[in-house]
Amino acid sequence: MHNNIPVVQEEEAQLRLLRARTQTYDDATKLLLVQLGVTVAIPVVGSIATLFQPDLRVYFAALALVVLLLDPLWIDRWYKRLLKRAAKIAERFDTTVLELPWNQFVVGDEVETEDVHQAAKRYCGRHDDSQLVGWYPRDAGEAPLHLGRLICQRTNLRYDSQLRRNYSTALIAGVAVIAVLVFGVSLARNDSLAQWVLTLTPMAPLLGWSVREYFRQRDTADQLEDLMKAARKLWQDSLTGTVGAAESGTKAREFQDAIFARRVSSALIVPLVYKLSRPRLEDEMNEAASDFLKRYREHSGSRDAS
């Protein structure tokens with residue numbers, strides 16, 4: 001083994017960070033579901049209900065206006081605070097496992113030990129560590145540290161990018177299906193254009209949120225893929241010696257800054273999409289790590305032969 005990434009990531013101190021990170025993201029996910037409830041479920045229910053009870057349209061229209069204020073003023077702000085806390089805990093894990101310095105200027109102060117302990121304890125009350133061990137590919141430990149950390153960072157970026165593309169596609173498809181169903185029912189009832197517009201009015205928050213979320217996820221995925229390209233080039237330059245180990249470490253810290261910024265600013269994924277995508281994406285992640293390791297060994301072999 002050329003580095004200690006596989007060993008360090010499974011030490012109790014690091015597993016505690018992963019427990020706290022996961023629990024904090026779980027808390028943020030629950031708030032996301034509340035956000036979806038008030039911005040998506042209520043408008044959808046309103047659109048369906050008003051098809052059969054037109055007198056309810058004015059009430060659901062008023063409720064939609066309340067939702068438009070409640071979401072940005074309270075729910076979204078609380079949600080973003082949880083994301084930042086989870087991102088800082090994840091950053092502490094990464095900097096320890098990948099042996100990177102903490103960037104106070106970008107990340108700020110660490111999460112208090114008591115808060116980490118409390119979140120980790122709550123996680124242990126409902127889960128075991130089966131989903132936490134082997135967080136990064138074990139094959140990353142078979143390369144020198146400056147290459148192993150790049151494997152971890154690059155697979156991290158790829159995993160997140162693909163997950164967000166899957167989510168955005170499922171999201172826009174779901175909204176399209178709902179809109180078509182509402183239109184179909186209105187058409188079957190022979191509603192006038194004015195009646196159809198009134199029926200769709202309560203769906204305004206849903207349409208606004210879904211379009212915003214679609215482009216947000218796609219933009220994030222594009223940024224992640226740009227970083228992946230840069231990470232792959234750095235890997236190749238580090239592998240051939242064009243970039244030395246010290247300079248590679250500096251570049252890796254810059255990549256970590258970008259990963260932290262993404263964690264803080266990027267919206268979470270609906271849990272169902274994550275669960276459905278996880279087995280395939282983890283298989284791809286491990287396969288990619290094995291391929292990078294194979295290339296490292298081939299390069300080392302050819303260099304030794306010469």
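The values are calculated or read from the model by the stated rules, or taken from the named source; none is laboratory data. Nothing here was measured: the structure is a model prediction, and the numbers come from that model. Methodologically, a virtual Cβ is constructed for each residue, glycine included, from the backbone with ideal geometry; neighbour enumeration extends over all protein chains shown. All accessible areas refer to the heavy atoms of the entire protein, side chains included, with ligands and DNA or RNA removed. Shrake-Rupley method; radii C 1.70, N 1.55, O 1.52, S 1.80 Å.
Computed quantities for the displayed model
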| quantity | calculated |
| --- | --- |
| Computed log₁₀ I(q)/I(0) - Debye formula, equal Cα scatterers, no solvent, the chain, q 0.07, 0.09, 0.12 Å⁻¹ | -0.36, -0.55, -0.85 |
| Heavy-atom surface of the chain, accessible at 1.4 Å and reported per residue (Å²) | 51 Å² |
| For the chain, built as a Gaussian network whose Cα springs stay under 10 Å, the top-fluctuating residue of 269, 89, 172 | 172 |
| Share of carbon and sulfur in the accessible heavy-atom surface of the chain [1.4 Å probe, %] | 60 percent |
| Peptides ranked, highest mean first, by Cβ atoms within 10 Å: ranges 276-287, 22-33, 104-115, 147-158 | 147-158, 22-33, 276-287, 104-115 |
| The chain - mean residue ellipticity at 222 nm from DSSP helices (-39,500 (n - 2.57) per run, n ≥ 4, rounded to 500) | -26500 deg cm²/dmol |
| Chain lengthening between residue 130 and residue 294 when straightened (0.36 nm per residue, less Cα-Cα) | 56.3 nm |
| Karplus (6.51, -1.76, 1.60) ³J(HN,Hα), θ = phi - 60°, over the range 108-119, in Hz, Gly and Pro reported as x | x, 6, 6, 5, 4, 4, 5, 5, 4, 4, 5, 5 |
| Cα shape, the range 88-139, gyration tensor, a/c 1.5 rule | oblate |
| Candidates 174, 249, 141, ranked by Gaussian network fluctuation over the chain, Cα under 10 Å, top entry | 174 |
| Overall form of the range 67-170 per C-alpha gyration tensor (a/c, 1.5; a/b vs b/c) | prolate |
| Where 95, 169, 242 fall by accessible area, highest first, once all protein chains stay in place (1.4 Å) | 242, 169, 95 |
| Accessible-area value, residue 185, 1.4 Å probe, nucleic acids and ligands omitted, Å² | 50 Å² |
| Where labels lie 7 Å past Cα in the beta-carbon direction, separation of residue 77 and residue 36 in nm | 2.5 nm |
| Gaussian network model of the chain, Cα within-10 Å springs - most flexible of 15, 206, 272 | 272 |
